[in-house]
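Colleague: There's a structure below that I have some questions on.
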C-alpha cells in the first residue's frame, strides 16, 4: 500500500469516527480506486455503505473483500450481516457458515502449496 492510500484510509477512518459517513465513503472509494487489492479499504467501504443503507453496493464490497481474503472471519461475518439486511437469508446463512468454519480454526480456501 502506498503512503497516499494509507493517508486516505486514515482520513476515511477519521470521518467515520465522527459519523461523517458520506465523506468516509468518498475516501474509502479513493483508496480502492488507487489500490484494487486493498482488503481493508473494501471491507471498510462495505461497512460504511451498509450504514448508509446501500445494501447492494455494500454486498459488492463485501464480496470483493472475501475474494481478496477468503479466510478472513470478519469479512464473512460482515457479508452475512449485509445479506441479512437485504433479506437474503440463504446467502446470509452461507456466509455465516464460512465464518463458523473460520471461527473453529478451519479454512474456507486451503493454502496452495509452494
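Bear in mind these aren't lab numbers, they're just calculated from the coordinates by the rules spelled out. Because the structure is predicted, anything quoted here is derived from the model rather than measured. Neighbour counts are summed over all protein chains in view; Cβ atoms, including those assigned to glycine, are modelled from backbone coordinates with ideal geometry.
Colleague: Within the stretch 95-114, track down each residue that is touching a helix residue (DSSP H, G or I) at 6+ places or on another chain (Cβ under 8 Å) and assigned to a helix (DSSP H, G or I).
Modeller: Filtering the stretch 95-114 down to residues touching a helix residue (DSSP H, G or I) at 6+ places or on another chain (Cβ under 8 Å) leaves 95-96, 98-99, 102-103, 107-108.
Result: 95, 96, 98, 99, 102, 103.
Colleague: Taking the conditions exactly as written (part of a loop (DSSP other than H, G, I, E, B) and under 20 Å from residue 83 (Cβ atoms)), does residue 53 satisfy them or not?
Modeller: Taking the combined requirement at face value, the residue satisfies it.
Colleague: Same structure, new question: I'd like to check something: does the stretch 39-52 contain any residue that is more than 29 Å from residue 88 (Cα to Cα) and surrounded by fewer than 20 Cβ atoms within 10 Å (Cβ to Cβ)?
Modeller: no
Colleague: Name the residues in the stretch 6-23 that are surrounded by 12 or more Cβ atoms within 10 Å (Cβ to Cβ) and part of a loop (DSSP other than H, G, I, E, B), would you?
Modeller: 20
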